[in-house]
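The values are calculated or read from the model by the stated rules, or taken from the named source; none is laboratory data. Being a predicted model, the structure only gives us computed values, none of them experimental. Virtual Cβ from ideal backbone geometry, glycine too; neighbours counted across all protein chains shown. With ligands, DNA and RNA removed, areas are computed over all heavy atoms of the protein, side chains included. Shrake-Rupley method; radii C 1.70, N 1.55, O 1.52, S 1.80 Å.
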Amino acid sequence: MSTFFSGGWRLHIVHDTGFVYDGLAHGSYNEARLTPASLPTQAVLSTEVRAVPGAERWSYTDYWGTKVTTFQIDSPHESLRVTGESTVETSSARTPQGNLSCTALLDEAVVDRFYEYLAPTPRTLLPEEVRDAYAIPLLSDDPHASAAAVSERVRSLLTYAPGTTEVQTSAQEALDRGVGVCQDFSHLSIALLRSIGIPTRYVSGYLHPHEEAKVGETARGESHAWIEYYAGSWNALDPTSGAAVGARHVVVARGRDYADVTPLSGIYHGAPASGLGVTVAITRLR
Amino acid sequence: MEASLVDYHVADAWDEIVDTDGSIRPAYREVVDSLRSMRGEDLRGRAEQLARTFTERGVTYAYGGVERPFPLDPVPRIIEAAEWAQLSAGVIQRVRALECFLNDAYTEGVVFNEGIIPRRLITSSPEFNRAAVGITPPNGVRIQVAGIDVIRDERGGLRVLEDNVRIPSGVSYVMENRRAMTRTLSGLFSGRSVLPVDLYPQRLLNALKQAAPVGVHDPVIAVLTPGVHNAAYFEHSLLARRMGIELVEGRDLVCHSNKLYMRTTSGEARVDVIYRRVDDGFLDPLHGNPSSLIGVAGLFNAARAGNVTIANAVGNGIADDKLMYTYVPDLIRFFLDEEPILDNVETHRLEDRDVLIEVAADIGNYVIKPVDGAGGAGIVIGPQADDETLAATREAIIAAPRRFIAQRVVAISTHPTLIEGNLAPRHIDLRPFCVNDGNSVWVLPGGLTRVALPEGALVVNSSQGGGSKDTWVIADHGPGDSAISTPTPWRAVPETVRQDGPSSLNRSDQQ
Amino acid sequence: MREPSLLARMAESLFWIGRYVERADDTSRIIDSYLHRMLEDPTENEDVACRTLLAIMGVPTDRVDKVTTPDVLELLAYDAASSSSIIGSLSRARENAQGSRDVISTEMWECLNTTWFELPARRAQVSRTGPHAFLRSVRDRSSLFAGLTDATMNRSDAWRFVTLGRGIERIDMMTRLLAVRIASGVLAPDWGTLLRAAGAEEAFRQVYPGQESTELIAGFLMLDPYFPRSALFALTSVEGDLAALSDNAIRLGSRGDAQRIIGQARTTLEYSNPDELIHRLSEILELITTACADATEAITLRYFDKATWVQWESEAE
């Protein structure tokens, strides 16, 4: 028995998240982006998003191609727990694809097509000085080399430190603090790569923590973020770890930045909420 | 004193009544004769009566925080049948092209793939509503109501100034103006066959019915208003009453299981179609401004599920963006394979670096408009602006060229208007209103003629201290003639409701 | 043909339009009769009379110095910020009508709108013509509105909510008038003033020519089945409106709470012994006052409850 993709893994993921309210929440409307994407390099064998309290669920595919699960909870509730559970087959890392030069990427047709992945968002806006200091010196005519160099530079600019930033933190703020998590590494890389004309997008998903994971053993995983840049084809880079994006990575959503891939968002009325904390249990099955 | 045009001095623009040789244009001869037979104080008295009628009926506009009647000038604006035929054909053509464009932009994107217009026009527009991708209008119509603003240039030619396909307002003034004029100045109408304007509510109601979700034959329709404090509340209320449907606020509505309901004294009642007068960003706090108190949580997903129709559709702002305006002639050629009937005003795109440099250097000779400005907000008329404003504007367009367009300064036409008891030339424009029911696009005969009341002012808008005129379209063959308001067929593109497909707009990016 | 559904928010607006217009009407009658009395009887203690009047209207008077007639007029007639004053009530009625224009008739709207637009001018005229003309015009406009309501609206739920509000306000005002008569003892208004304030003077004298006793007047204001401003008459009308509403809006519990509450109050009143009424007056008034408050609450809960603004909180992981 093998997996679909040579060198790929079969992974079982249980992603738990939610909120607890300081009282009762009413009329809660939510959208979850917790379903792994079906891709040429990734097969989804089973997937489900559940909510407690129970609710009718619908789904649609958003503009970015991500499957969104929507649900509404009418009855007053004290907490909301959402679980995404999936089994996915991944593939091993690919060699960089695409042979456009950085000059070719500046072509009007490319710029027009990928404008959304070139324009800064509030989270990825950097002043020119930052670009001149950190991105321009790394720019060669080879986007693969440039992207790898920028990713490496980001690892030298930021120290990985959980809990130091929030979901709203921008690339600039993370840079000022010199610390961050995968989201900040990705935002800063995106900001720098876009500033030198390489279309870049944000990817959210999961990462199995162990390179030599044992089959059947459940690891405490994490929600992860990395990037993809365009060089005629899309190529993935993990600026947080520097490791190749391959069998351990599961893609859920892509977009311009975190705002387009928010795992769980919603509105309600009632008492203030605090996050329940996120746990991701990830098991290698094959 | 006689209310005549004896002392009337034509300004430096095309005058709608007085020809360059001082004679009265044929369309106006009878009305001018009637006005001449009135004493000046009579006309003033009638003008006061018009204002009083409006105050009593609550035909008011909130301006500077004060509720005031929208001033109605007693001298009507007249459009002859032949010119109206051309004008209405021109605006219908535009609406058809914009419908095709919106349908394409939110689905296949052929117009971009074929290189007719840059994709960036929409991807860089804040009005491009990505949450609207996948919301399919049941009868293919996204523009139930359009207001296409038209002006007359120095040589008498009609030109489109801007398109409004989000929530154009002002039609209530058209109906109320006519009501007030026929009651107060009935003499002016004698012997003229002026086309009626009161068909509008029925036309709109029909268009909303046609837009009902698939399988709903007797839809419940409601007008959604931001509330009594909205500047156009009078209009929302008038339309609801004249259509005989409910006027609701966001707090009256609730979504359950992707269906929309209104709260009534006998429980919750299904709503199938909403004619919304709330901006996109405030419609659904789940997909827009989360602090919106005037929207309905869950509305977009109810529409996405095909259980409710939002009219006009969400995301139409990409079509009336003023930068998109510069491409409308191209859209007409591409989608309709026709030549534009109405010209644009000469407009420069500032994203072109050479153009930007030229405009910035000579900014005092251009009109600069924000691409998404509504109600005349943010418009700078170069020749009328002070140095400080010009400097600030120059800086603004250089910083964000996508956010502005530059236009030639057009001395838009003037019309004799009662100012402090005397007739004086004031600049005017015209907003014809179009209704698309999916089978045809219909234009309300006439439309709203707005008057810039301050002398020399070129920005014509109710929110900029403007007034209005009753606008007459003269029938060709007598009253009731329908030859020139015959609807032009519109190619409806009904689509099968897509449940859960990938967004094709983005397909090429997914590989 | 089904009865058109009525938005909960509209129903609430209509109910309050009925109440506010009736409040302006009743308040103008009450002020007018007091002013009249003070003119007739210059020995009247102005401070005491004014305090009594304010007490009837539920406006607190913690002032230590003398309360004068202009003070009273300011508080009860002109203060736009107060929902107890005439101008305040009429402004609120117009505001509610603005939000429910498509269920009331255009004539009703224009009546309230024109009244509102004319208020500043009428108020300004008071310095020349005295308050009577102002108060008179308020009654004229209120009557016009009531007439238009009855003459131009379908007998639908929408109409019933207006008359319901009008009826409840009327009961409330009548009980206030009588309660002060009891509570203030020697300082209480005389019965003649009370009859005028209740708009009942002529009606009473037609039924009881040449008679004027405490028992008769209290009995007339409370129990007369034919006088439209008597407590019993108003209760009966309110009960009828509630019955018609619940026929059209059957939900859990076939009888609305409000109807039960008003029905009980009406029964108590209807079957009380007229001879004992004067002795049990305070007890009965309290019962009715409580019933009105409870009924309003029940109506609000049942028909208007959900029409509130919702403040959304957003949450994101």
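Convert 25 °C to kelvin, take the viscosity as 0.890 mPa s, use the Kirkwood radius over C-alpha pairs of the stretch C:157-307 as Rh, and evaluate the Stokes-Einstein diffusion coefficient in µm²/s, rounded to a whole number. Stokes-Einstein gives a translational diffusion coefficient of 153 µm²/s. Rounded, prolate or oblate: pick one for the stretch B:327-440, where a ≥ b ≥ c are the square roots of the eigenvalues of its C-alpha gyration tensor, a/c under 1.5 means rounded, and failing that, prolate if a/b is larger than b/c, else oblate. It comes out oblate by the Cα gyration axes. Think of a 1.4 Å ball rolled over the protein heavy atoms: the stretch C:157-307 then has 44 Å² of accessible area per residue. Across the stretch A:130-255, counting alpha-carbon atoms alone, Rg and Dmax equal 14.4, 48 Å.
Spatially, the stretch A:190-212 and the stretch A:218-285 are offset by 10 Å when compared through their Cα centroids.
Taking the mean number of other Cβ atoms within 10 Å as a proxy for protection, how do you rank B:110-119, C:31-40, B:315-324 from highest to lowest?
Final packing ranking: B:315-324, C:31-40, B:110-119.
Taking the average, over residues, of other Cβ atoms within 10 Å as the packing measure, peptides B:81-87, A:120-126, B:276-282 rank B:276-282, A:120-126, B:81-87 from highest down. When accessible surface is computed with a 1.4 Å probe, chains B and A are found to bury approximately 2600 Å² between them, both chains counted.
With Cα atoms as the point set, chain B shows a radius of gyration and Dmax of 23.0, 78 Å. When the Cα positions of B:Ala399, B:Ala385, B:Gly446 are compared along the charge dipole of the stretch B:345-457, B:Gly446 comes out farthest toward the positive end, with charges on each C-beta of Lys, Arg, Asp and Glu.
Interface burial in the stretch B:108-141, defined as at least 30 Å² less accessible area with all protein chains than with the chain alone at a 1.4 Å probe, covers B:Arg119, B:Arg120, B:Thr123, B:Arg130. Other protein chain C-beta atoms within 10 Å of residue C-beta, averaged over C:6-16: 4. Rounded to the nearest 10 degrees, the angle from helix C:8-40 to the longest Cα principal axis of chain C is 10 degrees. Taking the charge dipole of the stretch A:79-199 about its Cα centre, with +1 at Lys and Arg Cβ atoms and -1 at Asp and Glu Cβ atoms, the residue from A:Ser170, A:Thr87, A:Ser189 reaching farthest to the positive side is A:Thr87. Accessible surface computed residue by residue for the stretch C:9-153, with neighbouring protein chains in place and a 1.4 Å probe, gives 39 Å² per residue.
Of all DSSP beta bridges located in chain B, what percent are antiparallel, nearest 5?
75 percent
Restricting to Cα atoms and excluding each atom paired with itself, what does the Kirkwood estimate give for the stretch B:165-219 in Å? Mean inverse Cα-Cα distance, inverted, gives 13.8 Å.
Roughly how many percent of the accessible protein surface of the protein assembly as shown is carbon and sulfur, given a 1.4 Å probe and a whole-percent answer? Mind dumping the intermediate values first?
Details: 21890 of 43690 Å².
Summing carbon and sulfur atoms, their accessible area is 50 percent of the total for the protein assembly as shown.
Counting only residues at least eight positions apart within a chain, or on another chain, there are no lysines with an alpha carbon under 16 Å from that of B:Lys209.
Remark on the stretch C:9-153: Rg and Dmax equal 15.9, 52 Å (Cα only). Counted by Cβ distance under 14 Å from C:Pro225, the other residues give a net charge of -1, where Lys and Arg count +1 and Asp and Glu count -1.
Summed over both chains, the contact between C and A buries some 1100 Å² of accessible surface at a probe radius of 1.4 Å. Taking the C-alpha atoms only, the angle from helix A:143-157 to the longest principal axis of chain A is near 60 degrees. According to the calculation over all Cα-Cα pairs in the stretch B:190-327, the P(r) per 5 Å bin from zero is 2, 10, 18, 21, 20, 14, 8, 4, 2, 2, 1, 0 %. Does the protein assembly as shown classify as rounded, prolate or oblate by the C-alpha gyration tensor (a ≥ b ≥ c root eigenvalues; a/c under 1.5 gives rounded; else a/b over b/c gives prolate, otherwise oblate)? Here the protein assembly as shown falls in the oblate category.
Annotation: per residue accessible area for chain B equals 36 Å², rounded to a whole number [probe 1.4 Å, protein chains only].
Based on alpha-carbon atoms, the Kirkwood radius and the radius of gyration of the stretch B:346-408 give Rg/Rh equal to 0.91. The mean number of partner chain beta-carbon atoms within 10 angstrom of a residue's beta-carbon across peptide B:276-288 is 2. Going from the isolated chain to the complete set of protein chains, the stretch C:106-150 loses at least 50 Å² of heavy-atom accessible area (1.4 Å probe) at C:Glu110, C:Phe117.
Within a straight-line Cα-Cα reach of under 28 Å, B:Lys322 can be paired with the following lysines, leaving aside sequence neighbours fewer than 8 residues apart in one chain: B:Lys369, B:Lys469. Amide H contacts under 5 Å for B:Arg276: B:Leu224, B:Ala311, B:Asn312, restricted to partners 5 or more places along the chain or on a different chain, H placed in the peptide plane at 1.01 Å from N. Helix C:46-56 and the long axis of chain C differ in direction by around 30°, with both axes built from C-alpha atoms. With springs connecting C-alpha atoms under 10 Å apart, model chain A as a Gaussian network and identify which of A:Ala135, A:Ala247, A:Ala271 has the largest mean-square fluctuation. Checking each option, the largest mean-square fluctuation is seen for A:Ala271. Chains B and C together bury some 3000 Å² of accessible area, summed over both sides, with a 1.4 Å probe.
To the nearest whole number, what is the average tally of beta carbon atoms from other chains within 10 Å of the beta carbons of peptide B:225-237?
Mean inter-chain Cβ contacts per residue within 10 Å come to 2.
Per-peptide packing, taken as the mean over residues of other Cβ atoms within 10 Å, places C:139-149, A:209-219, A:101-111 in the sequence C:139-149, A:101-111, A:209-219 from highest down.
Could you work out the relative contact order of chain A, using alpha carbon pairs under 8 angstrom and six or more residues apart, expressed as a whole percent?
30 percent
Overall, the anisotropy analysis places chain C in the oblate class: the square-rooted eigenvalues a ≥ b ≥ c of its C-alpha gyration tensor yield a/c not less than 1.5, with a/b not exceeding b/c.
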